[in-house]
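Written out below as structure tokens is the structure these notes cover.
The values are calculated or read from the model by the stated rules, or taken from the named source; none is laboratory data. Since we're looking at a predicted model, the values are computed, not measured. Every residue, glycine among them, receives a Cβ derived from its backbone with ideal geometry; neighbour counts consider all protein chains shown.
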Amino acid sequence: MGGGTLEKLDSIRRGELSAAENVRRSLELIQRLDGKIRAFIELNPNALAEAEALDRRMERGERVGRLAGLAIGIKSNINVLGLRATCASRTLESYVSTYDAEVIRRIRREDGIIIGMTNMDEFACGSSGETSAFGPTDNPAAPGYIPGGSSSGSAAAVAAGFCDIALGSDTGGSIRNPASHCGVVGLKPTYGLVPRQGLIDLGMSLDQIGPLAGDVAGAALMLEVIAGKHAGECVMLDVDRVSCLDTLGDGVKGMRIGVSRKFAELTDPAIVGVIDRAVEKLRDLGAEIVEVDLPNLEHGLPAYYLIVSVEFFSATRKFDGRKYGRKIEDVCGEEVLRRIIRGRYISQKEYRGKYYQRALQVRTLIRRELLAALEKVDVLVGPTVPKLPHRLGERISVAEMYAYDYLTVPANLAGICAGVVRAGEVNGIPVGIQVQGKVLGEREVLRTMRALEAAP
Amino acid sequence: MGRIEEIERSAEEIVRAFVEAASRLPELEETYYSHSLYNVVRPDGEPEPPEGRAEFRRRFISNMPSSDERGNLRVEVARWAEER
Amino acid sequence: MMVKIGFEVHLQLATGRKMYCNCPTNYQDVPPNTNVCPICTGMPGAKPLPPNERALDSAIEIALMLGCRVHTDETIYIQRKHYDYPDLPSGYQRTSLPVASGGELEGVRIRELHLEEDPGQYDPVSGTVDYNRSGVPLVEIVTEPDMSSPEHARRFLRSLIRVLEYTGKVRPEAGGAMRADVNISMEGGGRVEIKNINSVKGAYRALKYEIMRQGRMVGRGESVARETRAYLESQMVTVPMRAKEIEEDYRYIPDPDIFPIVIDSSRVERIRSAMPEPPRAREERMVREYGIPADVAGVIASERELADLYEAVVRDVDPMLAATWFRTKLKKVLNYMGLSAAEVGFSPGQLAGLLRMVQSGRITPEQGEMVLRELVSAPGDPEEIVQRLGLLPVSGEELRAAVERVIGENSKAVEDYLAGKEEALHFLTGKVLAAVRGRADPREVTEILRKRIAQPSRTSSQP
């Protein structure tokens, strides 16, 4: 790829690179390579025309937006008017979006060019990128291995250079997990910071839309574009906008960075090794490394799966095939059906206290622990996934698949922000380090990620 | 049918794992919302102007599996109404 | 046989926008699927807007009118109530926990009151759905099963509608704005719920049918099982609803996309001080203040605008006179013209002016009614109307001249009267009244004629 996102933006603005040329390159690459990678489900037929129109505006000297000319990939669970938000499922295979999600409106306002809809695990129910009804996605950074999920196509598209920035969604790690496996940058913003209007639900109280990019600056830029309150939505924080680009290069000197033994306990030693070396780098850069306690961290996983199943069951009642698409239970894949069945079962009147409400109590416990740990430090760092990605097509059990999420679900349960940046590799497979921050602590998280990215 | 049973069985595993894990954890209040900015309401007033809706209506109808000439969605007829 | 009847009444609130989106609420005025957006049609990814504040305030006002305790400082979750039905675009209905509880009306306890959203309109016979109505705010009022007869139930519903119209916060009943689920259990039998009732009449008929049906079953030795039935308007019967259409477990969860509502007492006080006086209280006060009979006060208080008009008028007019007029002539004219008190074009001052003229005797009650009809159809100053209609009482001269003329032109009738036929005098009275265009009191005219005819020097026959 070469050159950072901001540098490319600059060269587009200076006229050295036209928006049309940027988009053309993306489309060419996609044409050449995506047959094998399958990062995209559908391309925007107007992308080139939109880029050309933007170029004409720039030639006329008009003011353009902050994403001007950048090629953007959108996960297929986000509504983009005129394109199909399939959620990689036969259920919505024919659903042409009838409106733009709020984040899409903001991207268009800033003149980002939407290249197409990226592949994903069906209805975001997965951590591998293998459950799409339109075929699994390959990992461009480690061909033959899973790219992770559920924002598999978005991560792969960025890793392969098909687009400059992509949007994904993260409910239990669905941005961070594929970012780690594919060696790109991913960020799950604080819950309620980015509007979800137009995001097709997996778990309403857990979902957040976030950026994936080739560099931390690209992710920070996209966050600034999509974050901020929206009157058309209820459950949002009272924040008008964020700025994190200005402090991006501030470094970690004097920051208190938390680590926990618990992370290592749950993680493959090879990965731990990579993370430990990254932590050393942070220490060398002047951060104070602080040990924190997270005694109940692993209990977040089963609680998460109960909560998300109930919410997903509720969210999917509208897919009855009457107004659009098909009835979900008739055509969906196994994991989707598994969550619907589980959700239907545990939300029954007589079981509510035992399962759903109890899981929400465990959520309180995890949340308290995490927030208490974050009181002592500025950010927490650790591995993103407890084990290396498996090979595409390798059959693993349901429990083994869920186990990828151990280290990522706590941030969703607590509603805090968390980002991933490449820390190293094991046998050629990328390993990302996860940086978790306080509520609205994106500046500290991105700053830490940038410091690691820039370190030799 | 075997497939469904298999899925049901595998769906239950993590529920059992949860009950097992939770048995050793304290009882606390439930967290339904990440942030408690309760009591957000929206004032009533003039509705959205019709221009935006006309476009949406067109797209809504074009996604319908079946519609009638007036723009109603066509769905199933109710059985209890049929029988009379 | 002991009968217990209860209601779950759903009423549409009068707001400009829907409950969770900004679509208009006038669902009957537009073609199908016009007042819709991604939110109220359940498009994938659509999230609700914050709840409509006016709907919340209206629900609080209605609760206060029914004497309920509003749940202040409590976390009122908006819940998802899941069931499968074609008119429910998202597969669940958003319904709040109770906003208030513990009221009473017509001897029936109000269990609770909460906010809901209307589903779309599903025509089960043609199999079509129109989502124009989907998302319109509803208030649901749940009663205890305190009614013991269809007549009691009807009285309750009518009284409820009256109270609601007083607030002005609900859409008028005509056009399906009220829907009721009725539950009835008879001695020893199971609780039967009847759905699909859209009017007071429908509720009454459904109950009568159900009592008869259950009575027959018991007579045959059958026991009445707990079930849900549907009321068929056209045939006035209830039929069993297929079990598939009835979802027992709604799997309620607090809606993660909507923050709960917390009502603070200052909002309640603000609403309480601004709301109109409830009808029963107003009726009682009018009896006390104006000394009018209770039944008359009841008629006047049956419509808030009528009572408003009355109380404006009695500042200048005798309350009893005004009350009688309102009870009889005004109601008669309004009914005849198909108008409600809210729709009249004349001002209270104009009506008061008319009544003052009647009170002082300047015009007769009969003339007053003519003026009233005119006032209703072409509002204006009553003095002018009286002039225009030529209704000012005839002068003594003009009257005497008319009497002379009539006696002169109707000698046969005069002779008949003198011969003892009383009716002839009435005939002559009519003629005189016609001659002066009604501007005299008939009784007075008769007396003048009687005296005049008795005076021989004035008879027409001249030697």
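A:Arg322 meets each of the listed conditions (1) over 27 Å from B:Pro26 (Cβ atoms); (2) assigned to a loop (DSSP other than H, G, I, E, B); (3) away from every other protein chain (no Cβ under 14 Å) apart from (3).
May I ask you to verify whether A:Arg339 is within 12 Å of chain B (Cβ to nearest Cβ), farther than 28 Å from A:Tyr95 by Cα and among the charged types (D, E, K, R)?
When the stated conditions are applied, A:Arg339 does not pass them.
Filtering region A:209-231 to residues that are within 14 Å of chain C (Cβ to nearest Cβ) and either touching a Ser or Thr at 6+ places or on another chain (Cβ under 7 Å) or not charged (D, E, K, R) (or both) leaves A:Ile209, A:His230, A:Ala231.
Just name the residue that is farthest from the other protein chains (Cβ to nearest Cβ) out of those in region A:76-106 that are part of a strand (DSSP E or B) and closer than 15 Å to A:Asn119 by Cβ. So that I can check it myself, show each step before the final result.
Going residue by residue through region A:76-106, those that are part of a strand (DSSP E or B) are A:78, A:84, A:96.
Next, from what is left, pick out any that are closer than 15 Å to A:Asn119 by Cβ: A:78, A:84.
Working: A:Ile78: 7, A:Arg84: 10 Å.
The qualifying residue farthest from the other protein chains (Cβ to nearest Cβ) is A:Arg84.
Using the structure shown, decide if A:Gly73 is touching a helix residue (DSSP H, G or I) at 6+ places or on another chain (Cβ under 6 Å), away from chain B (no Cβ under 14 Å) and either assigned to a loop (DSSP other than H, G, I, E, B) or modelled with pLDDT of 95 or more (or both). Yes.
Residues in region C:67-87 that are surrounded by fewer than 24 Cβ atoms within 10 Å (Cβ to Cβ), among the charged types (D, E, K, R) and within 11 Å of chain A (Cβ to nearest Cβ): C:Lys81, C:Asp84, C:Asp87. On inspection, A:Gln361 qualifies as within 12 Å of another protein chain (Cβ to nearest Cβ) and among the polar types (S, T, N, Q). Residues in region C:432-445 that are assigned to a helix (DSSP H, G or I) and crowded, with 19+ Cβ neighbours inside 10 Å: C:Val432, C:Leu433, C:Ala435, C:Val445. From the list A:Gly249, A:Gly173, A:Gly210, the one residue that fits, being surrounded by fewer than 24 Cβ atoms within 10 Å (Cβ to Cβ) and touching a residue at least 40 places away in the same chain (Cβ under 8 Å), is A:Gly249. I'm checking my understanding of the structure. Among residues of region A:26-52 that are under 25 Å from A:Glu93 (Cβ atoms) and small (Gly, Ala, Ser), which one is surrounded by the most Cβ atoms within 10 Å (Cβ to Cβ)? Taking the candidates together, the pick is A:Ala39.
Condition check ((1) touching a Leu at 6+ places or on another chain (Cβ under 7 Å); (2) not hydrophobic (A, V, I, L, M, F, W, C)) across all residues:
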site: A:Gly144; (1), (2): yes, yes
site: A:Asp170; (1), (2): no, yes
site: A:Pro195; (1), (2): no, yes
site: A:Met222; (1), (2): no, no
site: A:Ala227; (1), (2): yes, no
site: A:Val239; (1), (2): yes, no
site: A:Val242; (1), (2): yes, no
site: A:Leu248; (1), (2): yes, no
site: A:Gly251; (1), (2): yes, yes
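Annotation note: of C:Glu384, C:Glu305, C:Glu366, C:Glu404, the sole residue that is without any contact (Cβ under 8 Å) to a residue 40 or more places away in the chain, assigned to a helix (DSSP H, G or I) and over 30 Å from C:Met275 (Cα atoms) is C:Glu384. Residues of region A:340-383 that are in contact (Cβ under 8 Å) with a residue 60 or more places away in the chain and touching a Leu at 6+ places or on another chain (Cβ under 9 Å): A:Val362, A:Arg363, A:Leu365, A:Ile366, A:Glu369, A:Leu370, A:Ala373, A:Leu374, A:Leu380, A:Val381, A:Gly382, A:Pro383. For region C:43-66, the set of residues classified as in contact (Cβ under 8 Å) with a residue 60 or more places away in the chain, more than 9 Å from chain B (Cβ to nearest Cβ) and in a loop (DSSP other than H, G, I, E, B) consists of C:Lys47, C:Pro48, C:Leu66, listed by residue number. Within this structure, C:Cys37 passes the test of being within 7 Å of another protein chain (Cβ to nearest Cβ), out of contact with any strand residue (DSSP E or B) (no Cβ under 9 Å at 6 or more places or on another chain) and not basic (Lys, Arg).
Only one of the numbered conditions (1) in contact (Cβ under 8 Å) with a residue 40 or more places away in the chain; (2) within 30 Å of A:Gly321 (Cα to Cα); (3) charged (D, E, K, R); (4) surrounded by fewer than 22 Cβ atoms within 10 Å (Cβ to Cβ) is not met by C:Glu117, and that is (4).
Filtering region C:242-262 for residues that are more than 30 Å from A:Ser314 (Cα to Cα) and away from chain A (no Cβ under 14 Å) leaves an empty set. Considered as a group, the residues in region B:1-56 that are out of contact with any helix residue (DSSP H, G or I) (no Cβ under 9 Å at 6 or more places or on another chain), at pLDDT below 90 and at the interface with chain A (Cβ under 9 Å from one of its Cβ atoms) include one that is nearest to A:Gln208 (Cα to Cα), and that residue is B:His35. Selection within region C:88-117: residues that are in a loop (DSSP other than H, G, I, E, B) and at pLDDT 95 or above. The member of this set that is nearest to the other protein chains (Cβ to nearest Cβ) is C:Gly91.
Of all strands (runs of 3 or more DSSP E) completely enclosed by region C:184-272, which ones contain at least 1 residues that are surrounded by fewer than 16 Cβ atoms within 10 Å (Cβ to Cβ) and not acidic (Asp, Glu)?
In region C:184-272, C:237-240 are the strands (runs of 3 or more DSSP E) which contain 1 or more residues that are surrounded by fewer than 16 Cβ atoms within 10 Å (Cβ to Cβ) and not acidic (Asp, Glu).
Across region A:290-331, the number of residues qualifying as within 23 Å of the chain's Cα centre (by Cα) and either buried (at least 20 other Cβ atoms within 10 Å of the Cβ) or farther than 21 Å from A:Thr408 by Cβ (or both) comes to 19. Quick check: anything in region B:62-75 at pLDDT 90 or above, part of a helix (DSSP H, G or I), under 22 Å from the mean Cα position of the chain (by Cα) and within 7 Å of chain A (Cβ to nearest Cβ)? There is at least one residue in region B:62-75 that is at pLDDT 90 or above, part of a helix (DSSP H, G or I), under 22 Å from the mean Cα position of the chain (by Cα) and within 7 Å of chain A (Cβ to nearest Cβ). Quick check on C:Lys201: is it within 14 Å of chain B (Cβ to nearest Cβ) and among the basic types (Lys, Arg)? Considered against the rule, which asks whether it is within 14 Å of chain B (Cβ to nearest Cβ) and among the basic types (Lys, Arg), C:Lys201 comes out as no. Remark: pairs (first residue in region B:36-54, aliphatic (A, V, I, L, M); second residue loosely packed, with under 15 Cβ neighbours inside 10 Å and in a loop (DSSP other than H, G, I, E, B); Cβ separation under 8 Å; 6+ apart in sequence or on different chains) = B:Leu37/A:Asp238. Can you name every residue in region C:6-24 that is facing chain B (nearest Cβ under 10 Å), buried (at least 24 other Cβ atoms within 10 Å of the Cβ) and under 22 Å from the mean Cα position of the chain (by Cα)? If the condition is that a residue be facing chain B (nearest Cβ under 10 Å), buried (at least 24 other Cβ atoms within 10 Å of the Cβ) and under 22 Å from the mean Cα position of the chain (by Cα), then C:Leu13 is the only one that fits. Scanning region A:278-316 for residues that are assigned to a strand (DSSP E or B) and not aliphatic (A, V, I, L, M) gives A:Glu288, A:Glu291.
Note on region A:5-42: residues that are outside any helix (DSSP H, G or I), at pLDDT 95 or above and either of a type outside the set (D, E, K, R) or farther than 23 Å from A:Ile146 by Cα (or both) amount to 6.
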